[in-house]
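Here the structure is laid out as C-alpha cells; the discussion comes afterwards.
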Amino acid sequence: MDRKEFAQILNNTVVPEGTDNNTCQGIIRPLCSALIEMMPGSLFRYRNCSELNFDAFDKDLIFTVTADKFNDPYDTLSGYNIDAIFKQIDIYSSKEFLLLLKEAMLNGLVFPQNIVQFFGEANLTQLREKIISCDNFDNLRTNDFNVIMKMFCLINAKQLESTLKYVSTVACFSEDIHSVTMWSHYAQNHEGFALEYNMAPLLTEGDNRIFPVIYGDERYDSSTLLAWYIGKAIGLDVKKPDEFAHYKLMLHKATEWAYEKEWRVIQKQTDGLNQSKVNSFEMKPIAIYYGNRISPINKKLLHMLAQKKGINEYDMIIDPASPKYEMKYDPYINGSEDVC
C-alpha cells in the first residue's frame, strides 16, 4: 500500500465526537490494517550533536514538540474555504440559531476573552441585551447580526490557526537513511548522527499514534473543524464532527517535502494548550549511524553510549564510484578515529 492509498483510507475515516468504543473500533479498523501493512521494518531519526540529544540517546528518550517549532510555516496550518464559512454564517443568522443563542445567553453564556478584546465589552453587552430582549429576530438578523457573526468567524479562524499548532506534540522519523538531503538538513550537514528504531509496537501499545505523512498539492480543508470551533466558542453544545480531524491536519504536507518519506508520532496534549511544549516517551534504538563529517570526539562519545546499549553501529560513507547521489553505510570499526 502506498501513501496515496493510505490517504484515501485516512480521509474516509470519520469518528464523530461521542462515538462509543465498539463503533469506533469498527470505523478505524481499515485504518489500523493499512498502518500495519505499511509500517517499515525500521524508521530513522536524524539528530545533531548536542548535549540534549546525547542525553536523550543515553536515556532512550524521544522528544516530541508542538508544531510551532516546525520549519515549514504551512505545517499543521488550518486551511478553510471562507465562502463556505460565510454560507454557514447565514445559517448561524437564522431565527432558529438566534433562538438557540438566546437560550444559551439566558443560561449564562460567557464570551471568550479574545472575543471580548476584539469586539469590546460594551458592544457585546449591547448585543447580548438585543438578543435577550428581542421577540422578532427578523429585524436583528437583517440589521447587524450577520455582519457581527462574520467578523466573529474571522477572528475565531485566526484563533484556531494558533490553537491547532499546540493541540499535539510530534516526533518526526524517515524511512530513508541514504538521503544526502536529509543528512544535510536534519543532521547538522552530515556532522550529526541518526538512530534506527523499530516503531511497530506503537501500532498496538500506549497513547502515542504513528502515521505516515501524506504529500500533495492541496491543503487539508478544516472548514468543518472551524465551524465546530466557532460553535464551541459561543457556548453551544456542538459535537466535534471528526475526532481524527487534527490528525489529518497534522499529516498533510506539500509535495515539495516528499523526499523526507516522513512518519510522525503524535501525542495529544491534555494541558497547557496555546503554548509551546516539549514531551517525551521512551524507546530504545536498535542502531546508530554516524554522519560522514562527524567529529572524532562526538563519535567517540556516541560510541561509548552505543556500546553500553549493545546496539549496532554504522559509518555513513560517500562512494566516489557510485552512479547515484545517495549515502551508503558500513559497519563501524572501533579505533579507526584519531581523537587527538
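Overview of values
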read-out: Residues located in segment 182-196, provided they are within 16 Å of Lys284 (Cβ to Cβ) and crowded, with 22+ Cβ neighbours inside 10 Å; value: Phe193, Ala194, Leu195
read-out: Residue, surrounded by the most Cβ atoms within 10 Å (Cβ to Cβ), within segment 5-27, restricted to residues that are touching a residue at least 40 places away in the same chain (Cβ under 8 Å) and either in contact with a strand residue (DSSP E or B) (Cβ under 8 Å, 6 or more places away or on another chain) or of a type in the set (Ser, Thr, Tyr) (or both); value: Leu10
read-out: Residue in segment 197-220 that is most open to solvent (accessible area, probe 1.4 Å), counting only those that are closer than 23 Å to His178 by Cβ and in contact with a strand residue (DSSP E or B) (Cβ under 7 Å, 6 or more places away or on another chain); value: Tyr215
read-out: Selection within segment 43-89 - of a type in the set (A, V, I, L, M, F, W, C) and closer than 26 Å to Asp217 by Cα; value: Leu43, Phe44, Val65, Ala67, Phe70, Leu77, Ile82, Ala84, Ile85, Phe86
read-out: Elements of type helices (runs of 4 or more DSSP H) in segment 51-130, at least 2 residues being open to solvent by 30 Å² or more (accessible area, probe 1.4 Å) and either at pLDDT 75 or above or closer than 27 Å to Ile288 by Cα (or both); value: 51-59, 95-106
read-out: Cross-chain or 6+ apart pairs with Cβ under 6 Å, segment 156-184 first and more than 27 Å from Asn198 (Cα to Cα) and in contact (Cβ under 8 Å) with a residue 12 or more places away in the chain, then acidic (Asp, Glu) and open to solvent by 20 Å² or more (accessible area, probe 1.4 Å); value: Lys165/Asp68
read-out: Of residues in segment 228-256 being open to solvent by 30 Å² or more (accessible area, probe 1.4 Å), assigned to a helix (DSSP H, G or I) and farther than 16 Å from Phe6 by Cβ, the one modelled with the highest pLDDT; value: Glu256
read-out: Residue that is least open to solvent (accessible area, probe 1.4 Å) [pool: residues in segment 161-179 that are among the acidic types (Asp, Glu) and under 19 Å from Ile214 (Cα atoms)]; value: Asp176
read-out: Residue, most open to solvent (accessible area, probe 1.4 Å), within segment 282-320, restricted to residues that are part of a loop (DSSP other than H, G, I, E, B) and under 22 Å from Ala171 (Cα atoms); value: Lys284
read-out: Segment 28-46: number of residues that are open to solvent by 50 Å² or more (accessible area, probe 1.4 Å) and either under 20 Å from the mean Cα position of the chain (by Cα) or β-branched (Val, Ile, Thr) (or both); value: 2
read-out: Among residues of segment 205-227, those that are part of a loop (DSSP other than H, G, I, E, B) and at pLDDT 75 or above, counted; value: 6
read-out: Single match in Pro16, Pro40 (criterion: of a type outside the set (A, V, I, L, M, F, W, C), part of a loop (DSSP other than H, G, I, E, B) and over 25 Å from Ser222 (Cβ atoms)); value: Pro40
read-out: Residue in segment 55-63 that is touching a residue at least 60 places away in the same chain (Cβ under 8 Å), touching a strand residue (DSSP E or B) at 6+ places or on another chain (Cβ under 7 Å), of a type in the set (Val, Ile, Thr) and more than 30 Å from Cys153 (Cβ to Cβ) present; value: yes
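The values are calculated or read from the model by the stated rules, or taken from the named source; none is laboratory data. On a predicted model such as this, the values are computed, not experimentally measured, just so you know. Positions of Cβ are generated from backbone atoms using ideal geometry, with glycine treated the same way; all protein chains shown enter the neighbour counts. In case anyone asks, the SASA skips ligands and DNA or RNA and just uses the protein heavy atoms, side chains included. Shrake-Rupley method; radii C 1.70, N 1.55, O 1.52, S 1.80 Å.
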